[in-house]
1. Each residue of the stretch 224-229 in order: what ³J(HN,Hα) in whole Hz does its phi give by Karplus 6.51 cos²θ - 1.76 cosθ + 1.60, θ = phi - 60°, with x for Gly and Pro?
2. Using the per-residue mean of other Cβ atoms lying within 10 Å as a proxy for protection, in what order, highest first, do the peptides 224-231, 213-220 fall?
3. Could you give me the ³J(HN,Hα) list for the stretch 267-272, computed from phi with Karplus coefficients 6.51, -1.76, 1.60 and θ = phi - 60°, whole Hz, x at Gly and Pro?
4. Would you tally the net charge around Ala202, using a Cβ to Cβ cut-off of less than 10 Å, leaving Ala202 out, and scoring K and R as +1, D and E as -1?
5. For Asn217 and Phe312, FRET efficiency with R0 = 45 Å and r from the beta-carbon atoms, rounded to 0.05?
6. For Ile265, what is the net charge nearby, where nearby means another residue's Cβ is under 13 Å from its Cβ and Lys, Arg count +1, Asp, Glu -1?
7. Please compute the net charge surrounding Ser147, taking Lys and Arg as +1 and Asp and Glu as -1 over other residues with Cβ under 9 Å from its Cβ.
8. Distance check, please: which entries in Lys143/Lys226; Lys152/Lys209; Lys152/Lys273; Lys251/Lys273; Lys145/Lys226; Lys226/Lys295 exceed 25 angstrom between their Cα atoms?
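Computed from the coordinates by the stated procedures, all read-outs in this text should not be read as laboratory data. Bear in mind that the values here come from a model prediction, so they are computed numbers and not experimental data. All Cβ positions, even for glycine, are placed from backbone atoms using ideal geometry, and neighbour counts span all protein chains on display.
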Amino acid sequence: MQETHFLTTTKQPFFPSYPHPNPKPQSLSSSHHDSFHSLHPPNPKSPRSTALISSTPSRAFSSKSTPLVASSSISKPISQTLTFPKSLNGLRLPRVAHSVSLSRGAHSRRSFLVKASADELPLVGNVAPDFEAEAVFDQEFIKVKLSEYIGKKYVILFFYPLDFTFVCPTEITAFSDRHAEFEQLNTEILGVSVDSVFSHLAWVQTDRKSGGLGDLNYPLISDVTKSISKSYGVLIPDQGIALRGLFIIDKEGVIQHSTINNLAIGRSVDETKRTLQALQYVQDNPDEVCPAGWKPGEKSMKPDPKLSKEYFSAI
């Protein structure tokens, strides 16, 4: 049974350009994109109006779609990719979500994957939901399919709220300016928002000094149906935009890291790169772990009560 929720608006003293970080649920509407700058926090003392939210989060996944990777093709479980002693091994076997497709004329095929609801996926250690969508790269329209990177590259998949805003261009251009550093780590960067490819194109054709992006070194993906944002759990349902979610996906297609920032807080390219390097290190050295703030060249640790003393004694 669907629940009835209520919302009224009041004037917001801080960050007036962004919706309230903890809004009451409302029904989805295309007008949310246009009202992005006019939404305000709810007043719990005011009369409230009704809205409907689906109680079936599994609808975020396509019932008939091309799978990211068949479960029978996963040669090694993630617990073998990052190995720990049994007493410390809390890694789960990866689950597989149905993919979503946003490309026009795409043909669906029967999936042989285990179904999972959106509130279960994606979790760190699980297979990333696949998708195929239109994107803008080098001022042209292209198609991007996540599963095409499996076995080839790591992927940094990051979501941002909207084109032509404020914090977003600072993040997008920061990743673009340092794209070569991620290429050296065999990693592709993919940006995603709910805007159309036409909005993306107009933004990259706008000079940075005017709030635009200029040419970028990686694709900007269009998630106009919001299917990708839903499947990664970053969509704000009543506003129709995504939180600042960032996911590091390894070459096996498994999510190894995720962070989600609220709308007013930008992300760090330095920390993203450091986390990626730590992930690659422990995958190459499965009997070691990386302590807080670890950077390449620094001392790692053995996940063992006795062997770890070597690390702690050197602090």
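1. Rounded to whole hertz, the list is 5, 7, 6, 5, 5, 4.
2. Numbers: 224-231: 20.9, 213-220: 19.1.
The densest-packed peptide leads the list: 224-231, 213-220.
3. Per-residue couplings from phi come out as 9, 9, 5, 4, 5, 4 Hz.
4. For residues surrounding Ala202, the net value is -2.
5. Values: r = 41 Å, r/R0 = 0.92.
Computed FRET efficiency for Phe312 and Asn217: 0.65.
6. Working: positive: Arg244, Arg267; negative: Glu171, Glu271.
Summing Lys and Arg as +1 and Asp and Glu as -1 gives 0.
7. -2
8. Lys152/Lys209; Lys226/Lys295
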